[in-house]
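I have placed the structure first, in the form of structure tokens, so that the comments after it can refer back to it.
What follows draws every value from the coordinates through simple rules; no lab data is involved. Please read all numbers here as calculations on a predicted model, not as lab measurements. Positions of Cβ are generated from backbone atoms using ideal geometry, with glycine treated the same way; all protein chains shown enter the neighbour counts.
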Amino acid sequence: MILGHIKNLDVEKGAFSPTLVKGLAYLANTDFSTLAPGRYELDGDKMFALVQDSQTQPKAQRKAETHEKYIDVQYIAEGVEVMGYALNSPEHEIKENLLAEKDAIFYKTVKGEIDLVVFQGMYAVFFPHDVHRPGCMYGAELSIVKKVVLKIAVSAM
């Protein structure tokens, strides 16, 4: 898992793969306030962006998940949300395995999960071994978040 701020991309990009840098550069150079929610292709199925307007929810109502084929880069264009994070482990109880249909496993229980507060301009990169629970509310108020989920095929890395 990588947690960063898009304003630091120029000084940190040397530590990232060229594919990840390409995706982060897209996030840094795109005005998402003008884009409608939907899918935007950057490199076919190898890399695409899902622009979302979503409402945060209490953590207990959000699903923890992992993916096998795609790396998730979750970027907050507007707002703030909490994302749960844990390393994948056989101790986590699987609720639903939808790898074949949706490239996702959802978990009923996750041991050792921590909360990441992700503010506007920040991104979190979740690899296949990272359990993540996006879309959780920050504080006591539900809020609307404009988020971009950049999907990067593991095979493209």
**Complete:** Beyond 29 Å (Cα-Cα) in this structure, taken from 22/95; 22/59; 46/146; 7/108; 102/146; 59/147, we find 22/95; 22/59; 7/108
**Item:** Magnitude of the charge dipole, the stretch 2-156, Cβ model with Lys/Arg +1 and Asp/Glu -1, debye to 20
**Value:** 40
**Prompt:** If you plug each phi of the stretch 113-126 into the Karplus form 6.51 cos²θ - 1.76 cosθ + 1.60 with θ = phi - 60°, what whole-Hz ³J(HN,Hα) values come out, in order, with x for Gly and Pro?
**Reply:** 6, 10, 9, 10, 8, 10, 8, 3, x, 8, 9, 10, 9, 10
**Asked** Between the DSSP loop rule and a limit of at most 13 other Cβ atoms within 10 Å, which trypsin sites (Lys or Arg not before Pro) in the stretch 86-145 are left?
**Response** 111
**Request:** Would you kindly state how much longer the chain becomes between residue 31 and residue 106 on full extension, computed as 0.36 nm times their sequence separation minus their alpha carbon distance, in nm to one decimal?
**Result:** 23.8 nm
**Message:** Can you list residues from other chains, or at least 5 along the same chain, whose modelled amide H is less than 5 Å from the amide H of residue 42?
**Reply:** 47, 48, 49
**Fill in**
Checking 101, 141, 41 against a Gaussian network model of the chain (alpha-carbon springs below 10 Å), the top fluctuating residue turns out to be 101
**Item:** Cα point-scatterer Debye curve for the stretch 24-78, base-10 log of I(q)/I(0) at q = 0.15, 0.18 Å⁻¹
**Value:** -0.55, -0.78
**Asked** Cα centroid distance between the stretch 57-100 and the stretch 3-24, in Å?
**Response** 22
**Item:** Global size of the chain as Cα Rg and Dmax, reported in angstrom
**Value:** 14.9, 43
**Prompt:** Can you work out ³J(HN,Hα) from phi for every residue in the stretch 80-86, in order, using Karplus 6.51 cos²θ - 1.76 cosθ + 1.60 and θ = phi - 60°, giving whole Hz and x for Gly and Pro?
**Reply:** 8, 8, 9, 10, x, 8, 7
**Asked** How large is ³J(HN,Hα), in whole Hz, for each residue of the stretch 61-77 in order, when computed from phi with the Karplus curve 6.51 cos²θ - 1.76 cosθ + 1.60 and θ = phi - 60°, using x for Gly and Pro?
**Response** 8, 9, 9, 7, 8, 9, 10, 10, 8, 10, 8, 9, 10, 9, 10, 8, 7
**Prompt:** How much length, in nm to one decimal, is gained on full extension between residue 89 and residue 15, taken as 0.36 nm per residue of separation minus their Cα-Cα distance?
**Reply:** 24.0 nm
**Asked** So, by mean Cβ neighbours within 10 angstrom, what's the order for 61-71, 42-52 with the highest one leading?
**Response** 61-71, 42-52
